[in-house]
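Peer 1: I'd like to ask you about the structure that follows.
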Amino acid sequence: MQGMTIKVEIIVVLLVVASICEAVAVFHPISESHRSAALELFPLVDGSFPSLEEAYEALRTFKVLGIETKPVGKDHTCNSVVDTLSLTPSNSRDLYYALRVNGLLKCSISKEALAGVISKLKDAVKDATSLLDYYHSIGGLLLIKDVSFEADVLLENADGIFSSIKALSQSDGRWRYSSNNPESSTYAAGLAFETLSGVISLAPSAIDEKLVGTLKKDIVKLFDSIEKYDDGSYYFDDKHIDASGHQGPLSATSAVVQGLTAFASISESLNIPEDKILGLARFFLGIGVPGNSKDLYYQIDSLSHLENNRVSVPLILSLPATVLSLTNKDKIKVKVNTVLGSTTPPLSVKLMQVFSSGSKDASVLKKELHFDPKEAIYTLDALPEGVDIGEYVFAFEIVLSDPEHKRKFATGGRTKVPVHVTGAVKVDEAKVAVLESDIIESEKKLDLPGKNDLALSANHLQKLHLSFLLASPLGKVFKPHQALLKLRHETGVEHIFVVENSGRNFEITLDFLGLVEKFFYLSGQYDIELTVGDAVMENSFLQPLGSIELDLPKAPEKATQPPPQAVNPYLRYGPKAEIVHIFRAPEKRPPQEVSFAFLGLVLVPFLAFLVGLLRLGVNLKNFPTSTIPAAFAILFHGGIAAVLLLYVFFWLKLDLFTTLKTLGLIGIFLLFVGHRTLSHLASTSAKLKSA
C-alpha cells in the first residue's frame, strides 16, 4: 500500500514538471551545465584542435564561461597560427581565424610577420568581390589594431569600401553575399553590420554621416522583420544557408547580435526597443544546452555580446523553484542576474499581480520582495492572501534604483512566471453503500486516504453508491484531474468508472442491472479501487477499498465473451523450471590385459615392415653426397616424417579441416623437394649407365 502511494506521488511530481514546461518557458542564466557541455563538445584531437576556426570557437567559449583549462594544445595551436601568418601562403579567411586565435592565446608573432599580414589583408580588401572577402580581410585588420596600436591598418578609401559593401543591401534590411548572387540573407546582414563597423573603426577620418545614417535605417528595418515566440523570445529566421554550412534561427540571430553590438560600440545613437533586446536574450537562454559545438559557440558568444553591449544589457528574472507548497509554507524566491549570471546594479523586485489559471481576473498586489545580500535572492515570506492550491501566473516587475541605469539595462517591464501551488486536500464524509430500490441496505464509512477492508455483497438488482467530499486547504471547491473507481474481477477483467462531482461532493452510483452486459455476466469477487490525483494535490492516492461479491445472472448463449487478458510479463519472462539432464552411464570397458594384447597385435604389421626392409637389403648407398642434392633429400625425408607426425596430431587433437589445410601445404613442399631429389637420382643413374 505504501509503495502505491509513493508511485502516485512520483507521477504527480512528473505531471507538475510537464505542465510547467507546456505552459511557458522559464528562463535561467548560464549554469554549470553549459560549462560541462563545453568541455565535452570541444575535445582535443591528438593534442590539438582540428582547425583554427574550431580552436577559436572552443577558446572563446571557454573564456566566456570562465573555464580554466590546462594549456594543452597551446603550443601546437600557436605553431599553426605562426605558420598561417608567416610561412604558408594563406587567404584572408585563414589569416582572420589565425588572428582571432592569436588574440586569445597571445602567441609570439614577429613584427615582420605582422607587417606581411597587414599587406596581404589590405590587398585582399582591394581585390574583394564578395561580402565574405570584406568580412575576413577587414576583420583581420581590426584584430591587428586591437593588439598593436603602432600597426598601420587604416583604410585609405574607407568611404568607397563602405559604399561597395552597402551596395549589397536590400530594402528589407537583409544583405546579399555578392552582386552575382540575387538571394539575400539575414545571416549576411549580421556579417555586413560587423564589417561596416570595422570600416568605420579603420577609417583615417570620419565616414560620411549620410552613409552611417543609411546603415542605421537598415538595422531598424531588419528589426522590423524580427519574429516572436509566445514566451516573449525574439529571433531572426533565415532560410538561406550561411557560409559555414549552418542555417536557421540560431546562426542568423547570432550574426545579427554580433553585428548590432559591433555597430553600437562605435555609435551611441542606435535606438532598439529594450523588449527586443531582452527577447533576443530569452531566445538564446531558451535553447537550454545545445548538443553540438557550433550551436554552443553561437549561444555563448551571442550572450557575451548582449552582456557587454552599449545598447541595453538584458536582466533575467528567474525563480529557483516554481512549485510552492502550502503545507511546507514555502517562500517565493526570485533571482535577478545578467544572461551570464553576473550580479546586477541596485534594484528592487515587486510582485505586481497574481493570475489564476483559466481566469482573466487578477489581484493587484504591488508587494516588494525582501533582498538577501548573502544569497543574492529576493524573498516574499508568505504567499499572497487568497492563493490556494492550483496553477497561477505571478507578474513581477524589476525597478532599478538609479534612474541612469534605465538607459543601460533592459528589464522588459513585467515578467510573468508560471507557479504551481501544492497542498494537502481534505477528504471528508467518504462512504460506500449497497442500495436496493434507492433504499440503503448496508453502508460503511471509509478512511481516505487510509486502510480499508470492505467485504460487500450484491446482486444484479442492487446498486453500489460511493461518495466523498474534497476541499482545498482554504476550504474551496477542488476538482482533481483524476477521480476514478475501478472494479477488477478475479479473472483479471477490469472496469473503470469516472467519479463525477457536484461542487465539493463527489459521488457515483453503479446500477448492476444495467451493467450486467458490460460485466460479461461474470459473477464472483470484484476488488474495489479508488484513485484520486492531481498535479497540485500532495496527498494523491490510489486506494484499495476492499471487495464486493456480485451475483449476476447466467450469460445467454449469444452474450459477448470477456476479452482475453494480457499475459503477465513477469510470468512470461520470469525464471523457468530447472532442467535436470540425465546422462547415459558409461559402457563397461574390457580388462587391461585385453587392451595391451590388442595394442601388441596392432604393432605386429609395423614390426613385419621393418623385417621386410632388412630382408630386402635396404641401404643408403644411393643417398646423394653433394651438398645441395643432399639437402633436398634430407628435406624430402623430413617432409615425409612431418606427414606421419601430422597423422599423429590428427589422431590426438586436430580436426579434419585443420589437418587437410596443413597436409596441403606439406604436400606442395614435398612435391618441390621430391622432384629435385628424384631428378638428381635419375641423372646420376643415367651417367652410370653411359659410363
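Peer 1: Out of LEU104, LEU132, LEU155, which single residue is among the hydrophobic types (A, V, I, L, M, F, W, C) and either open to solvent by 60 Å² or more (accessible area, probe 1.4 Å) or in contact (Cβ under 8 Å) with a residue 60 or more places away in the chain (or both)?
Peer 2: After ruling out the rest, the residue left standing is LEU132.
So that you can scan it fast, the table gives a plain yes or no per residue for (1) over 22 Å from SER472 (Cβ atoms); (2) of a type in the set (Val, Ile, Thr); (3) open to solvent by less than 40 Å² (accessible area, probe 1.4 Å); (4) part of a strand (DSSP E or B):
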{"position": "PHE497", "(1), (2), (3), (4)": "yes, no, yes, yes"}
{"position": "LEU515", "(1), (2), (3), (4)": "yes, no, yes, no"}
{"position": "TYR521", "(1), (2), (3), (4)": "yes, no, no, no"}
{"position": "THR531", "(1), (2), (3), (4)": "no, yes, yes, yes"}
{"position": "ASN539", "(1), (2), (3), (4)": "no, no, yes, no"}
{"position": "GLY546", "(1), (2), (3), (4)": "yes, no, yes, yes"}
{"position": "LEU550", "(1), (2), (3), (4)": "yes, no, yes, yes"}
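Peer 1: Give the residue, chosen from ILE161, ILE118, ILE138, ILE144, that is more than 29 Å from SER185 (Cβ to Cβ) and at pLDDT 90 or above.
Peer 2: The conditions single out ILE118.
Peer 1: Same structure, new question: Looking at ALA192, ALA206, can you tell me which residue is part of a helix (DSSP H, G or I), small (Gly, Ala, Ser) and either within 16 Å of ASP238 (Cβ to Cβ) or open to solvent by 30 Å² or more (accessible area, probe 1.4 Å) (or both)?
Peer 2: None of the others qualify; the one that does is ALA192.
Peer 1: Related question: Which one of the conditions (1) closer than 30 Å to VAL532 by Cα; (2) without any contact (Cβ under 8 Å) to a residue 40 or more places away in the chain; (3) not assigned by the TED database to the domain that holds GLN543 does GLY390 fail to meet, given that it meets all the rest?
Peer 2: The one condition GLY390 does not meet is (2).
Peer 1: Among the numbered criteria (1) touching a Leu at 6+ places or on another chain (Cβ under 8 Å); (2) not in a loop (DSSP other than H, G, I, E, B), which single criterion is violated by TYR134?
Peer 2: Result: TYR134 fails condition (1) only.
Peer 1: Can you name the residue in the stretch 561-604 that is under 30 Å from LEU461 (Cα atoms) and open to solvent by 100 Å² or more (accessible area, probe 1.4 Å) and, of all such residues, is modelled with the lowest pLDDT?
Peer 2: PRO564
Peer 1: Scan the stretch 33-43 and give yes if some residue there is modelled with pLDDT of 85 or more, assigned to a helix (DSSP H, G or I), within 29 Å of TYR134 (Cβ to Cβ) and among the hydroxyl-bearing types (Ser, Thr, Tyr), otherwise no.
Peer 2: Looking for residues that are modelled with pLDDT of 85 or more, assigned to a helix (DSSP H, G or I), within 29 Å of TYR134 (Cβ to Cβ) and among the hydroxyl-bearing types (Ser, Thr, Tyr), one finds none in the stretch 33-43, hence no.
Peer 1: Could you please tell me which pairs satisfy a Cβ distance under 6 Å, a separation of 6+ or placement on different chains, a first residue in the stretch 623-645 that is assigned by the TED database to the domain that holds GLY674 and hydrophobic (A, V, I, L, M, F, W, C), and a second residue that is open to solvent by 70 Å² or more (accessible area, probe 1.4 Å) and not in a helix (DSSP H, G or I)?
Peer 2: none
Peer 1: Taking into account only those residues within the stretch 320-340 that are in contact with a Lys or Arg (Cβ under 9 Å, 6 or more places away or on another chain) and surrounded by fewer than 21 Cβ atoms within 10 Å (Cβ to Cβ), which is nearest to PRO373 (Cα to Cα)?
Peer 2: Going through the qualifying residues, I end up with PRO320.
Peer 1: Hey, can you tell me all the residues within the stretch 418-450 that are of a type in the set (A, V, I, L, M) and either more than 16 Å from PHE468 (Cα to Cα) or open to solvent by 50 Å² or more (accessible area, probe 1.4 Å) (or both)?
Peer 2: The answer is VAL419, VAL421, LEU435, ILE439, ILE440.
Peer 1: Quick test for you: out of SER293, SER267, SER244, pick the one residue that is modelled with pLDDT under 90, hydroxyl-bearing (Ser, Thr, Tyr) and open to solvent by 20 Å² or more (accessible area, probe 1.4 Å).
Peer 2: On inspection, the qualifying residue turns out to be SER244.
Peer 1: Can I ask one more? Name every residue in the stretch 363-386 that is outside any loop (DSSP other than H, G, I, E, B) and surrounded by 11 or more Cβ atoms within 10 Å (Cβ to Cβ), in order of residue number.
Peer 2: Taking the stretch 363-386 as the starting set, the residues that turn out to be outside any loop (DSSP other than H, G, I, E, B) are 363-368, 370-372, 377-380.
Hits for the stretch 363-386 are SER363, LEU365, LYS367, GLU368, HIS370, PHE371, ASP372, ILE377, TYR378, THR379, LEU380.
Peer 1: Follow-up question, since we're still on this one. If you check LEU400 against the conditions, is it among the hydrophobic types (A, V, I, L, M, F, W, C), in contact with a Ser or Thr (Cβ under 8 Å, 6 or more places away or on another chain) and buried (at least 16 other Cβ atoms within 10 Å of the Cβ)?
Peer 2: So LEU400 passes the test.
The values are calculated or read from the model by the stated rules, or taken from the named source; none is laboratory data. Quick caveat, the model's predicted, so the values are computed rather than measured. Cβ sites come from the backbone with ideal geometry, for glycine too, and all protein chains shown count toward neighbours. The protein model used for the area step is the full one, side chains on, heavy atoms only, and it has no ligands, DNA or RNA in it. Shrake-Rupley method; radii C 1.70, N 1.55, O 1.52, S 1.80 Å.
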